[in-house]
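Structure, as structure tokens:
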There are 2 protein chains.
Amino acid sequence: MVATLDLSLDAVALTAAVCDIESVSLGEAVLADAIEAALAPLSHLHLTRIGNSLVARTELGRAERVLIAGHIDTVPLTSEPANLPTTLVDGPGGAILRGRGTVDMKGGVAVMLRIAALVPEPNRDLTLVFYEAEEIDSQFNGLGLIEAAHPELVTDAAFAVLMEPTDAAIEGGCKGTLRAEITTKGIAAHSARPWKGHNAIHDAGEILRRLTAYQPQTRIVDELEYREALNAVLISGGTATNVIPDRCVVTVNYRYAPSVSAAEADAHVREVFDGFEIAIVDNAAGARPGMHLPSAKAFVAALDLPVAAKQGWTDVARFSAMGVPAVNFGPGDPNLAHMDDEECPVAQYTTCEEAMVRWLR
Amino acid sequence: MVATLDLSLDAVALTAAVCDIESVSLGEAVLADAIEAALAPLSHLHLTRIGNSLVARTELGRAERVLIAGHIDTVPLTSEPANLPTTLVDGPGGAILRGRGTVDMKGGVAVMLRIAALVPEPNRDLTLVFYEAEEIDSQFNGLGLIEAAHPELVTDAAFAVLMEPTDAAIEGGCKGTLRAEITTKGIAAHSARPWKGHNAIHDAGEILRRLTAYQPQTRIVDELEYREALNAVLISGGTATNVIPDRCVVTVNYRYAPSVSAAEADAHVREVFDGFEIAIVDNAAGARPGMHLPSAKAFVAALDLPVAAKQGWTDVARFSAMGVPAVNFGPGDPNLAHMDDEECPVAQYTTCEEAMVRWLR
């Protein structure tokens, strides 16, 4: 059974429809099928599916090719109160769409689908990339998998717009992100006789103390301000309720300015947790803003919007590494991304659609 | 398919056979079947099975009835290096049996099986209780389930011996055990913008700080010394590697002297973690030594061994609550219970068998 998406719906209704097809990371198949079915009838687009990711390209022989990308997965749902299906509520400044994905980033996905339907003859050749698994370990990232399998589909663009939430403003660059597992090891023993063992969870207290005491930097890069952060995101220890735990793992996430290299971030985290066993399990450098490049300037001029720094890591860093300059631009307040009460004023979906169409027509 | 246990094997070989039938808590069915099959041919025993627990009783009309009990489950296995199947190795003082259950408490179970086979006409009526799920939450405890379903099978004993490991010495009483979950709550947010949320794992650092700073008491009860202990046994927090965690749970285990009531233990833990959300999920008071009672004195006299305090909580507390005085006596060093390198000098299995047979013939 294929869920259906009607591209003649307006950007608001289409965003709600995309959100209501649940697609937590690694569970994107139903949404990918629906997008494929919606794009298949559009004869100006050449479709390629890779896993649960889709690339749709015009081949009009234009002087420039631009790429618009968005991930179709979300972080896990919240169950109490449920944050799906979406609800449309009244806000002080107009209607608000509430629910998982309304910010990160199914509004962007809906705008991309609208562009596919509304702009059959764009002024630039167009590559639309709908991809899976952005919210989890980078080995699963659909954009990365497309680049590995078919680089010719994505690397020929002169400029890319990633429709991650920016509150409908233009955000340049992005911070890097490093994930590390800090492990303490103890000696198992019966919890009635702990003096015969050594408690690995108690030892993890020092890791949490260092995290609490940590003073993150704020760095200016190409005139934009990036706030760094170092946080525990997961903790796990112990095997049974009557056994002194012999192992505890704290997973930390370091978000670092784009002026810091991946190697420097690695060294910094090792220094902060000096004395502990550390495994760096994921490390993706950021992207400098790069707003001085001609394609970026053309985009900014067409939209006529201010430019700010992107705090979250986004796949603009992947485009940056491919040699494709890229910016973030999409509906939704990035501060609400991943929060239980994710919501977005619906006017932003329309604004973003109109801005993108203005640039491409 | 039923695994078989040959009761004509000596106590050492039979212990190894019992250990080699894996029976981690809630997975005791195969071992219970094997015990049932081994006892069924013994006409002097009346068998009752309740879940994966078995009660075998003589009905000889003796002046006194005594009960011997042992749990048939173990804590989880260790996989690297595997601690099952058992191995027999040379030690400085003789052969040693190594592997999960060799201490806690399949040696005791093997001795009980040997008593069933070797003493068809005991000088006291005998109730043998082989029971499931001692190592996990008390709601699953087989002895508790037998008492609830068929109290007449267990409450008519004048005295009970629980064959938990005591290094083949007599250990009186036991400590109480309380389990509590201490929860911190935060606010979820994207980990690139932690200033929009609140980190619940970082807040758990204070719980670990209090645990590390905690000074446990040692209390003398009926001339025996009980060392208290308060430890984290499990910790868990976080939902995804790019989300600021909104919840962290630290499970703590408080082991308290038998002079402390369950209510006092509850109040103490709440005081230690004052300011945090606390749920007491399990609380079982200890048992005072009670070695002044006549049946206990007769047992000690027959075995002629010294009496010490039991540090671990054991089901002597359940017998104590039923009004049945009970002691701990079994092969294996209790300090090795639940440890990866659980092992026992094989001479202890034989010593315990001989002592019990001496008492019952």
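The values are calculated or read from the model by the stated rules, or taken from the named source; none is laboratory data. Remember, predicted model here, so these are calculated numbers, not experimental data. Note: ideal-geometry Cβ built from the backbone for every residue, glycine included; neighbour counts use all protein chains shown. Keep in mind that these areas ignore ligands, DNA and RNA; they rest on the heavy atoms of the full protein, side chains included. Shrake-Rupley method; radii C 1.70, N 1.55, O 1.52, S 1.80 Å.
The set of residues in the stretch B:118-141 being touching a residue at least 60 places away in the same chain (Cβ under 8 Å), of a type outside the set (Asp, Glu) and farther than 24 Å from B:Ser295 by Cα consists of B:Ala133, B:Ile136, B:Ser138, B:Phe140, B:Asn141. In the stretch A:269-307, which residue that is modelled with pLDDT of 90 or more, open to solvent by 30 Å² or more (accessible area, probe 1.4 Å) and within 19 Å of the chain's Cα centre (by Cα) is nearest to A:Cys352 (Cα to Cα)? So the residue we want is A:Ala285. In the set A:Thr74, A:Thr86, only one residue is open to solvent by 10 Å² or more (accessible area, probe 1.4 Å) and under 22 Å from the mean Cα position of the chain (by Cα); that residue is A:Thr86.
Being at pLDDT 95 or above, open to solvent by 30 Å² or more (accessible area, probe 1.4 Å), assigned to a strand (DSSP E or B) and assigned by TED's automatic domain parsing to the domain that holds A:Thr350 is the requirement here; does A:Arg49 meet it? Taking the combined requirement at face value, the residue satisfies it.
Comparison of A:Gly99, A:Gly108, A:Gly176, A:Gly172 shows that the only residue that is farther than 20 Å from A:Phe299 by Cβ, away from every other protein chain (no Cβ under 14 Å) and in contact with a strand residue (DSSP E or B) (Cβ under 9 Å, 6 or more places away or on another chain) is A:Gly99. So which pairs qualify, if the first residue must be in the stretch A:179-191 and more than 10 Å from chain B (Cβ to nearest Cβ) and touching a residue at least 40 places away in the same chain (Cβ under 8 Å), the second must be buried (at least 23 other Cβ atoms within 10 Å of the Cβ) and small (Gly, Ala, Ser), the Cβ gap must be under 6 Å, and the two must be at least 6 apart or on different chains? As it stands, the answer is A:Thr184/A:Ala200; A:Thr184/A:Ala204; A:Lys185/A:Ala200; A:Gly186/A:Ala200, since those pairs meet every condition given. Just name the residue that is farthest from A:Val55 (Cα to Cα) out of those in the stretch A:68-79 that are assigned to a loop (DSSP other than H, G, I, E, B) and within 12 Å of another protein chain (Cβ to nearest Cβ). Filtering first and then ranking leaves A:Thr78.
Of all residues in the stretch A:165-187, which are assigned to a loop (DSSP other than H, G, I, E, B) and open to solvent by 10 Å² or more (accessible area, probe 1.4 Å)? Of everything in the stretch A:165-187, those that are assigned to a loop (DSSP other than H, G, I, E, B) and open to solvent by 10 Å² or more (accessible area, probe 1.4 Å) turn out to be A:Asp167, A:Ala168, A:Ala169, A:Gly186.
Which of the numbered conditions does A:Glu354 fail, given that it passes all the others? Conditions: (1) within 13 Å of chain B (Cβ to nearest Cβ); (2) surrounded by fewer than 24 Cβ atoms within 10 Å (Cβ to Cβ); (3) under 19 Å from A:Thr15 (Cβ atoms). In the conditions (1) within 13 Å of chain B (Cβ to nearest Cβ); (2) surrounded by fewer than 24 Cβ atoms within 10 Å (Cβ to Cβ); (3) under 19 Å from A:Thr15 (Cβ atoms), A:Glu354 misses (1) alone.
Condition check ((1) assigned by TED's automatic domain parsing to the domain that holds A:Thr351; (2) of a type in the set (Phe, Trp, Tyr); (3) in contact (Cβ under 8 Å) with a residue 40 or more places away in the chain; (4) closer than 30 Å to B:Ala180 by Cα) across all residues:
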position	(1), (2), (3), (4)
A:Gly238	no, no, no, yes
A:Pro245	no, no, yes, yes
A:Val249	no, no, yes, yes
A:Tyr256	no, yes, yes, no
A:Ser259	no, no, yes, no
A:Gly275	no, no, no, no
A:Pro294	yes, no, no, no
A:Phe299	yes, yes, yes, no
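Does B:Thr155 satisfy the condition of being part of a loop (DSSP other than H, G, I, E, B), hydroxyl-bearing (Ser, Thr, Tyr), more than 30 Å from A:Thr166 (Cβ to Cβ) and more than 13 Å from the chain's Cα centre (by Cα)? Taking the combined requirement at face value, the residue satisfies it. Looking across the stretch A:218-262, the residues that are among the β-branched types (Val, Ile, Thr) and either facing chain B (nearest Cβ under 7 Å) or open to solvent by 10 Å² or more (accessible area, probe 1.4 Å) (or both) come down to A:Thr218, A:Ile220, A:Val233, A:Ile235, A:Thr239, A:Thr241, A:Val243, A:Ile244, A:Val249, A:Thr251, A:Val260.
Table: residues versus (1) outside any helix (DSSP H, G or I); (2) open to solvent by less than 10 Å² (accessible area, probe 1.4 Å).
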{"residue": "A:Ala110", "(1), (2)": "no, yes"}
{"residue": "A:Pro122", "(1), (2)": "yes, yes"}
{"residue": "A:Leu126", "(1), (2)": "yes, yes"}
{"residue": "A:Ala133", "(1), (2)": "yes, yes"}
{"residue": "A:Leu143", "(1), (2)": "no, yes"}
{"residue": "A:Glu147", "(1), (2)": "no, no"}
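It is to be established whether one or more residues within the stretch A:11-30 are loosely packed, with under 13 Cβ neighbours inside 10 Å and at pLDDT 95 or above. Scanning the stretch A:11-30 turns up at least one residue that is loosely packed, with under 13 Cβ neighbours inside 10 Å and at pLDDT 95 or above. The single residue among A:Ala56, A:Ala37, A:Ala95 that is part of a strand (DSSP E or B), within 17 Å of A:Leu5 (Cα to Cα) and over 17 Å from the mean Cα position of the chain (by Cα) turns out to be A:Ala56.
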